[in-house]
Amino acid sequence: MTLLLLSLFALDVPVDQDAVSTEEVAAPDPGAMAYASCGGCHGAQGQGNAALNSPALAGQDAAYTARQLRNYKAGIRGADPEDVYGAQMRGMSNVLVDEAALVAVSEYIASMERSAPAASDADLSAGQAAYANCVSCHGQKGEGNPVMNGPALAGLDAPYLERQLEHFRAGRRGAHAEDPWGASMVPLAKQLDAESSAALAAYIASL
Ligand code: HEC
Ligand code: HEC
């Protein structure tokens, strides 16, 4: 090793002094730093980890993510005794010490690239037909519609999607007086049953 280093120095490679002296070390991104506490469950690339019940986050609209994090912290989401996984996330939300960290991590998540869905040869036609009722707020391809405050659904795994629909239906999410956007999902979820939710979730997971 020493010999190799010595021989590299001996090569006397010309060095552009200006480039070296003016180059600044990039300041660490506060959002990326805050995300260090999240990757263990949500994946280093925000791809999610269904085995840990942790949904994909990558590419999600920053305003939506920030709202959810505020809701977890305030007990508007994840406080229902039957919302076991929401409770896990509620605990984690307190890692974000202040509003600046919460916003920074939400912006970092929005900048992450969403991974492509796994190919499926299941019959998704029933879910596809039912999804017509969701397009106005969640987008034709599940890309979300910030104007309607509808988050992206593409990239979320089917068990997570089914669970959220069940939470909206059962009054575990969207029932709090300070959750108007969650409340807007409740009547829509109530039009679904377990079977149609499963069909929708399978279709959305393929987007
Ligand atoms: C111990 C595992 C764990 C860690 C660490 C964790 N989360 Fe979560 N997170 C979860 C689980 C589980 C859920 C799903 C909760 C549910 O089903 O309602 C979740 C849900 C979320 C949601 C809601 C997503 C949506 O589509 O509505 C956001 C946003 C989120 N987490 C952000 C974060 C951020 C940011 C961090 C780091 C500060 C973090 N999580 C750390 C387990 C974790
Ligand atoms: C009128 C607009 C509107 C329509 C139509 C709508 N949604 Fe939503 N949906 C929302 C909003 C707003 C939210 C975000 C709620 C929040 O902030 O907690 C949401 C959230 C969700 C979530 C939770 C996402 C997450 O990351 O946790 C799921 C799942 C969902 N919707 C599924 C559906 C499905 C399936 C349909 C069609 C049957 C549908 N929505 C139709 C407005 C709508």
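The values are calculated or read from the model by the stated rules, or taken from the named source; none is laboratory data. The structure displayed is predicted, hence computed values, not measured ones. Cβ: placed from backbone, ideal geometry, glycine included. Neighbour counts: every protein chain shown.
For the stretch 101-136, the set of residues classified as in a helix (DSSP H, G or I), outside the structural domain of residue 37 (by TED's automatic domain parsing) and either touching a residue at least 40 places away in the same chain (Cβ under 8 Å) or of a type in the set (Phe, Trp, Tyr) (or both) consists of 126, 127, 128, 130, 131, 133, listed by residue number.
For the stretch 138-164, taking the residues that are among the hydrophobic types (A, V, I, L, M, F, W, C) and surrounded by 18 or more Cβ atoms within 10 Å (Cβ to Cβ), the one that is nearest to ligand 1 (Cβ to nearest atom) is identified as 156.
Residues that are out of contact with any helix residue (DSSP H, G or I) (no Cβ under 7 Å at 6 or more places or on another chain) and assigned to a helix (DSSP H, G or I) were ranked within the stretch 137-159; the one that is nearest to ligand 2 (Cβ to nearest atom) is 138. Please indicate, with yes or no, whether at least one residue in the stretch 159-173 is more than 30 Å from residue 44 (Cβ to Cβ), of a type in the set (A, V, I, L, M, F, W, C) and touching a residue at least 24 places away in the same chain (Cβ under 8 Å). Yes, because at least one residue in the stretch 159-173 is more than 30 Å from residue 44 (Cβ to Cβ), of a type in the set (A, V, I, L, M, F, W, C) and touching a residue at least 24 places away in the same chain (Cβ under 8 Å). Just one of (1) more than 13 Å from ligand 2 (Cβ to nearest atom); (2) crowded, with 19+ Cβ neighbours inside 10 Å fails for residue 107. It is (2). In the stretch 172-188, the qualifying residues are those that are part of a loop (DSSP other than H, G, I, E, B) and touching a helix residue (DSSP H, G or I) at 6+ places or on another chain (Cβ under 8 Å), and the one that is surrounded by the most Cβ atoms within 10 Å (Cβ to Cβ) is 173.
Exactly one condition in (1) surrounded by 20 or more Cβ atoms within 10 Å (Cβ to Cβ); (2) part of a loop (DSSP other than H, G, I, E, B); (3) aliphatic (A, V, I, L, M) is false for residue 69; which is it? It is condition (2) that residue 69 fails. The residue pairs whose first member lies in the stretch 26-45 and is touching a residue at least 40 places away in the same chain (Cβ under 8 Å), whose second member is surrounded by 17 or more Cβ atoms within 10 Å (Cβ to Cβ) and part of a loop (DSSP other than H, G, I, E, B), and whose beta carbons are closer than 7 Å, counting only pairs six or more residues apart or on different chains, are 34/96; 45/58; 45/112.
Exactly one residue among 61, 80 is surrounded by 19 or more Cβ atoms within 10 Å (Cβ to Cβ) and acidic (Asp, Glu), and that residue is 61.
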